[in-house]
1. Taking only protein heavy atoms into account and a 1.4 Å probe, give the accessible area per residue of the stretch 89-182 in Å².
2. Please report the accessible area of Lys179 (heavy atoms, 1.4 Å probe, ligands and nucleic acids excluded) in Å², nearest 10.
3. Would you mind giving the three semi-axes, in whole Å and largest first, of the ellipsoid equivalent to the stretch 87-192 according to its Cα gyration tensor?
4. From largest accessible area down, sort Glu204, Glu124; use a 1.4 Å probe on the protein chains.
5. Quick one: ranking Asp139, Asp148 by accessible area, 1.4 Å probe, largest first, what do you get?
6. Any chance you could check the Cα centroid distance between the stretch 74-128 and the stretch 159-205 for me, in angstrom?
7. First compute the accessible area of the stretch 144-230 with a 1.4 Å probe, then give the percent of it belonging to carbon and sulfur atoms.
8. Once the whole set of protein chains is in place, how much accessible area is left on His161, using a 1.4 Å probe, in Å² to the nearest 10?
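The values are calculated or read from the model by the stated rules, or taken from the named source; none is laboratory data. Keep in mind that what you see is a predicted model, and the values were worked out from it rather than measured. Keep in mind that these areas ignore ligands, DNA and RNA; they rest on the heavy atoms of the full protein, side chains included. Shrake-Rupley method; radii C 1.70, N 1.55, O 1.52, S 1.80 Å.
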Amino acid sequence: MQKRFPSLSLSSYGIGWSANKRISIVALVATVLLATAATVAWLSGNGTGRQGQDHAAPAPASSPSSSETAPKPAAGSGSVPKPPQIAEPVAYAKAVAQMLWSYDTRNTSRDQQLAGMRAWMTNEPTYADWASVSGQVPDPMLWSRMADQDQHATASVTEGHYPSAFKQALADDPSAITKAYIYVVTVNGKQQIAWKKGGGGAEERAVTLAVQCRPNHDCTLAAIAPSVTQ
């Protein structure tokens with residue numbers, strides 16, 4: 001049976017937030033978005049399960065390098081949708097999750113997939129953790145094998161919410177978020193995967209995202225957390 005990669009099936013390929021971004025992103029999120037904080041306890045240690053809640057076949061050992069750079073826009077984005085013009089964090093996070101869990105190797109190359117995902121990111125380098133997003137995409141060899149099987153997926157989102165730790169942090173100091181306007185949102189949904197000869201299946205998915213929603217601006221994606229936090 002053809003192996004599926006579990007969450008784009010992308011989320012099992014997540015490599016976590018890079019160290020140089022944890023100070024800037026997690027300091028904002030885990031301790032009421034204060035720039036002096038440096039802990040990732042509630043994101044990396046208190047998750048309720050692996051990103052995407054994998055129930056599919058084991059993922060191959062290979063994964064893309066965390067230093068992989070974003071492809072140039074000229075690569076196009078294939079079937080990856082353009083980011084929506086949404087200014088509300090939960091609504092935008094739900095759109096991000098649907099984008100992450102949907103893909104089509106029949107008409108989208110790996111470079112196009114990466115280029116399309118990059119368009120959803122914040123342009124502020126202090127807060128953008130591209131490694132946590134590009135790390136969701138399988139390596140070129142595996143992507144090619146998936147394309148040989150016409151593997152593709154669609155997704156539906158059931159709900160999105162602010163994790164309890166994030167809501168408590170905001171309640172303790174509502175004004176602290178005004179430094180970077182980064183919100184943490186957990187999204188749950190379902191992914192339908194299919195490939196040649198009628199193969200396919202459905203799986204439950206979950207992801208915790210950091211999205212930036214500055215006043216009077218559309219939201220953007222800052223990072224994907226290494227584990228799901230409810």
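1. 39 Å²
2. Accessible area of Lys179: about 110 Å².
3. Those come to 31, 16, 10 Å.
4. Glu204, Glu124
5. Accessible-area ranking of Asp139, Asp148, largest first: Asp148, Asp139.
6. 15 Å
7. Exposed carbon and sulfur together represent 48 percent of the surface.
8. 50 Å²
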